[in-house]
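Single-structure report; data block below.
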Amino acid sequence: MQFNTYLDNKKSLKIIQDTSIREVILEHKTLSRMGVLETDNLLSLTDLAIKSGLSPVLQWDILCTESNFKNCIKLINNLPLSKFTAIRVQDIGAAEWLRQELPEIPIHFIAETGNHNLKGLLRWHEYFGHQLQRLALSNELPLSTLINYCQTLSVPCEILA
């Protein structure tokens, strides 16, 4: 079992360094529902996280309309993606874009909504193949179901708590 957390300021980074957490999630305000970071702050925190021995993951969890999808793509194309160990993505269109345009970038697929059955999760794993590094499952599922899914799926699973 491993833990990760969100990183949105330098003060939090100091606290995280004194824990067993080795992966941090960074949220740009354009890409994330809860994101507050501007590009400069995102990149600064990413560099600090790397220097601290942490693995930064970029979160893209906004559900995209056509217009904000274009803004997201523009931003993604201007970020130094090699600094991130993966991109967490929720929108299927965004995930498909990553699959087609950036197949070298690992995906953490946020399957919390609308993906509550094993057959569907297995299909997403098959579809994204080696690019799928993790599935974030819904914490609304019963514990017995989560245990079954985690034991059945061959890709690591994450449950937000």
* To do: Using the structure shown, decide if residue 57 is under 18 Å from residue 131 (Cβ atoms) and either open to solvent by less than 30 Å² (accessible area, probe 1.4 Å) or outside any loop (DSSP other than H, G, I, E, B) (or both).
  => yes
* Structure fact -> Within region 8-42, restricting to residues that are farther than 23 Å from residue 78 by Cα and part of a loop (DSSP other than H, G, I, E, B), the one that is least open to solvent (accessible area, probe 1.4 Å) is 21
* In region 106-116, is there at least one residue being farther than 22 Å from residue 33 by Cβ, open to solvent by 50 Å² or more (accessible area, probe 1.4 Å) and in contact (Cβ under 8 Å) with a residue 24 or more places away in the chain? -> no
* Is it the case that some residue within region 83-102 is of a type in the set (S, T, N, Q), open to solvent by less than 60 Å² (accessible area, probe 1.4 Å) and within 15 Å of residue 157 (Cα to Cα)? -> yes
* Only one of 137, 98, 102 is farther than 17 Å from residue 55 by Cβ, at pLDDT below 95 and aliphatic (A, V, I, L, M); which? -> 137
* Hey, residue 123 outside any helix (DSSP H, G or I) and basic (Lys, Arg) or not -> no
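The values are calculated or read from the model by the stated rules, or taken from the named source; none is laboratory data. Note that the structure is a prediction, hence the values are computed from the model and not measured. Using ideal geometry, Cβ is built from the backbone for each residue, glycine included, and neighbour counts are taken over all protein chains shown. The protein model used for the area step is the full one, side chains on, heavy atoms only, and it has no ligands, DNA or RNA in it. Shrake-Rupley method; radii C 1.70, N 1.55, O 1.52, S 1.80 Å.
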